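Here is the structure we will look at, set down as structure tokens.
The values are calculated or read from the model by the stated rules, or taken from the named source; none is laboratory data. It should be emphasised that the depicted structure is a prediction, and the values quoted were computed from it without experimental measurement. Quick reminder, even Gly has a Cβ in these numbers, built from the backbone with ideal geometry, and neighbours come from all protein chains shown.
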């Protein structure tokens, strides 16, 4: 097989592994939390304000209760016909997509009435949860906004189901006289729910052990939401997956715990911790500490394999002599067998097991999946911005937006460059050290089999590097930070094992 084909095959294989890994961990979001995310993303066509705002040709104002007014904006043509209206970006996307699929879209009056019914349910939910009536006469704007943020999820959630209430409200409006083009048809309702489900399920950052704070940046207004506390027991109950209980939750627990400690911990007020989270600094420090802990764990678990690799490196002169005896082992089956037998005798003599290198992969792969799940599931990492870059944002999406549109563009660019450079050097430095040592080995001539092995190893290494960089572009920025810090830790481990611990080679 040609070298280019091998490289392409390696990249495709790693991409398949990454795609498989992305779906290996469970989504910890409850149905109620999904409803909260849905409302933060798609809040309807109306704005609810305290006090009567001035109406004009395009702004419609309606008093709905006490001192609370419902406001929505429309666009009219020269003849006074409504041609468009203001709504959330997500609703606009759904409406445009529905139209392109030839699905009838409800009228503006229908959406306005729908929002009014949602508001009524918010007031009812406030009474149930707070045990008191919401004073809509003397209410101020901050209290109203807080009430909508905390209880607006009832637009969707009912009886333990994420989108049940959406269907219930639609049915109520149909039964109240909305017919024909005004009403949301069953087709539009199903299309809306399907679209929202797809969007909401893409948000997984709901793992927290501190439910007193608000997390996330959802929708065009970066709205945070309230989350429930997740316990270790909850993690074990996620579809029976061991990886959630063994790796995902412990890592997410550490991320949350260290971030909370760096934000002030128990000695700080809720407002102070929330303010610290908004800077992104506690989250970055938490990722740094957790990365060191995870990499130290892997290092300790694979230390014996690392020593085996060191011994194999010291055996290279003898291996070179054996390989020189069988220059055609790459094509001659008999020579290939005798080469393997002599190599195994050499390994047995020096008590080296070359298969022990598989232990590194056996440990690293589930840890990789678990850390991936923890980073994408951690609620605190979806909160705030570091140097204007959301840790939950994709680096590629940020870079694609451009520096004029996204203030965190430069941060994303620097991060991907640092991560790429870190991964490159963490891969190449061990190879450079090994190559420097091999210069001391007597040149016995070229061995085609060994040369082919080296080429294959290089192809795999570069394919892995390319895949990590590609994933670094597409995954949340938090994973980019993890990989950059991890690369630095790997370099330190390389120095430790090859220079400090290994010491001077034994004299024969």
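With the structure loaded, tell me whether residue 298 is assigned to a helix (DSSP H, G or I) and modelled with pLDDT of 90 or more or whether it fails that test. It is false that residue 298 is assigned to a helix (DSSP H, G or I) and modelled with pLDDT of 90 or more.
Where helices (runs of 4 or more DSSP H) fall wholly inside segment 210-282, the ranges with 1 or more residues that are within 18 Å of residue 381 (Cβ to Cβ) and either in contact with a strand residue (DSSP E or B) (Cβ under 6 Å, 6 or more places away or on another chain) or free of Cβ contacts under 8 Å to residues at least 60 places away in the same chain (or both) are 249-262, 270-279.
So, residue 320, is that one crowded, with 17+ Cβ neighbours inside 10 Å, outside the structural domain of residue 430 (by TED's automatic domain parsing) and over 28 Å from residue 362 (Cβ atoms) or not? Criteria met by residue 320. At least 2 residues being within 30 Å of residue 279 (Cβ to Cβ) and at pLDDT 85 or above is the threshold, and among the helices (runs of 4 or more DSSP H) wholly inside segment 321-409 those reaching it are 357-377, 395-401. With respect to the conditions (1) in contact (Cβ under 8 Å) with a residue 24 or more places away in the chain; (2) surrounded by 13 or more Cβ atoms within 10 Å (Cβ to Cβ), residue 137 falls short on a single one, namely (2). Considering (1) outside the structural domain of residue 106 (by TED's automatic domain parsing); (2) surrounded by 13 or more Cβ atoms within 10 Å (Cβ to Cβ); (3) more than 18 Å from residue 34 (Cβ to Cβ), the lone condition that residue 184 does not fulfil carries the number (1).
Taking segment 65-184 as the region of interest, the helices (runs of 4 or more DSSP H) fully inside it that hold 1 or more residues being in contact with a strand residue (DSSP E or B) (Cβ under 7 Å, 6 or more places away or on another chain) are 108-130, 141-151, 164-175.
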